[in-house]
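These notes concern the structure reproduced below.
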Amino acid sequence: MANGLIGRKLGMTRVFAEDGSSVPVTVIEAGPCRVLLVKEGAVQLGYGAQAPHRASRAELGHAKAASLEAAPRILREFGSNAQAYKPGDTVTVGIFTPGELVKVTGTSKGRGFQGLVHRYGAGGGPETHGNTRHRKPGSISPGTDPSRVIKGKRLPGHMGAERHTEMGLKVVRIDAERNLLFVRGAVPGAKHGILLVNKQHGRSRHD
């Protein structure tokens, strides 16, 4: 059985537990993914479909070898029992079970160029008495020695649009008919962003 799937984020909502408590969840359209290549201890899965004129000859040939009609939009490898699949098989959200833990990888929302207060949560300067440095960094380095800005200093710059993995998320519900995975908590990225959902062993961040 494969250890994960490729999917896309549909958004957030809430579901109600048996005791009536409200549980915030992210809805992920996980798969179905087609198997393109089987390796020792891993499988290569494809998600989505490219228009024929956008796919390269190599991508089209790779898909044809697995009996796929179109080249997948996304290709990723996941750990798996090599004996469980063969090229052309379909992997669905059924590999997950309610209550198990997953880790979700995606690209965070891009925020553009941001200052210290937004990017790192700096306190900023005084807000009154004629001060004009409300959101400025202030002093950023020692003076005479070493007389330079130390490497790694937190400064204004590009924020977001980075690969991020959220760990220890619990599967709350599965809708096999619509290939939907309801995961407790938030995951990286904007709506319709591509996600990698992997099984994880250990404690949940919500315990």
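The values are calculated or read from the model by the stated rules, or taken from the named source; none is laboratory data. All figures in this text were calculated on a predicted structure; none of them were measured in a lab. All Cβ positions, even for glycine, are placed from backbone atoms using ideal geometry, and neighbour counts span all protein chains on display.
In table form, for the structure just shown:
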{"quantity": "Any hit, region 107-124, residues being loosely packed, with under 14 Cβ neighbours inside 10 Å, in the same structural domain as A176 (by TED's automatic domain parsing), without any contact (Cβ under 8 Å) to a residue 40 or more places away in the chain and not in a helix (DSSP H, G or I)", "calculated": "yes"}
{"quantity": "Qualifying residue in region 177-200 (condition: under 30 Å from S80 (Cβ atoms), in contact with a strand residue (DSSP E or B) (Cβ under 8 Å, 6 or more places away or on another chain) and among the acidic types (D, E))", "calculated": "no"}
{"quantity": "Unique residue being more than 25 Å from G193 (Cα to Cα), modelled with pLDDT of 90 or more and either loosely packed, with under 12 Cβ neighbours inside 10 Å or of a type outside the set (S, T, N, Q) (or both) when the list is G11, G61", "calculated": "G61"}
{"quantity": "In region 67-91, the residues that are touching an Asp or Glu at 6+ places or on another chain (Cβ under 9 Å) and free of Cβ contacts under 8 Å to residues at least 40 places away in the same chain", "calculated": "A71, P72, L75"}
{"quantity": "Any chance H164 is under 22 Å from L45 (Cβ atoms) and either aromatic (F, W, Y) or assigned to a strand (DSSP E or B) (or both)", "calculated": "yes"}
{"quantity": "Residue satisfying condition, being of a type in the set (D, E, K, R) and surrounded by fewer than 11 Cβ atoms within 10 Å (Cβ to Cβ), within set E100, E127", "calculated": "E127"}
{"quantity": "Flag if R154 is touching a Lys or Arg at 6+ places or on another chain (Cβ under 8 Å), crowded, with 16+ Cβ neighbours inside 10 Å, more than 30 Å from R34 (Cα to Cα) and in contact (Cβ under 8 Å) with a residue 24 or more places away in the chain", "calculated": "no"}
{"quantity": "So K170, is it surrounded by 11 or more Cβ atoms within 10 Å (Cβ to Cβ), of a type in the set (D, E, K, R) and either on the phi > 0 side of the Ramachandran plot or outside the structural domain of L5 (by TED's automatic domain parsing) (or both)", "calculated": "no"}
